[in-house]
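Note sheet for the following structure.
Rule-based calculations on the coordinates, nothing more; no lab input. Keep in mind that this is a model prediction, so the values were computed, not measured. Note that each Cβ is placed from the backbone with ideal geometry, even for glycine, and that neighbours are counted across all protein chains shown.
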């Protein structure tokens, strides 16, 4: 099974325009977990083999922010597919392979 998760999580109770110092703690936690991920400008995508692993990583992200935050915002999208692997890279490659082929 492949569980692709795209999420953003950050505290909303901090002064200033940037949440980067807090988001970087979450990314460091994901990196240390060994779960494959890709950091994006508006969120982070990671891939696990089970839904339980995905939920645990999301919970760990919250636990990373919780000590310093009274309020945390998160948006989470999941794509769960049986019998698939390495969709973190494969989905992008599939689209790239189809560019220019539709309606040609």
Original post:
In this structure, does residue 7 turn out to be in contact with a strand residue (DSSP E or B) (Cβ under 6 Å, 6 or more places away or on another chain) and either without any contact (Cβ under 8 Å) to a residue 60 or more places away in the chain or more than 19 Å from residue 87 (Cβ to Cβ) (or both)?
Top reply: no
Original post:
Can residue 52 be described as surrounded by fewer than 14 Cβ atoms within 10 Å (Cβ to Cβ), free of Cβ contacts under 8 Å to residues at least 12 places away in the same chain and within 12 Å of the chain's Cα centre (by Cα)?
Top reply: no
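Yes/no matrix, rows are residues, columns are (1) farther than 15 Å from residue 12 by Cα; (2) without any contact (Cβ under 8 Å) to a residue 60 or more places away in the chain; (3) surrounded by fewer than 11 Cβ atoms within 10 Å (Cβ to Cβ):
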{"position": "60", "(1), (2), (3)": "yes, yes, no"}
{"position": "68", "(1), (2), (3)": "no, yes, no"}
{"position": "72", "(1), (2), (3)": "no, no, no"}
{"position": "78", "(1), (2), (3)": "yes, no, no"}
{"position": "87", "(1), (2), (3)": "yes, no, no"}
{"position": "90", "(1), (2), (3)": "yes, yes, no"}
{"position": "98", "(1), (2), (3)": "yes, yes, yes"}
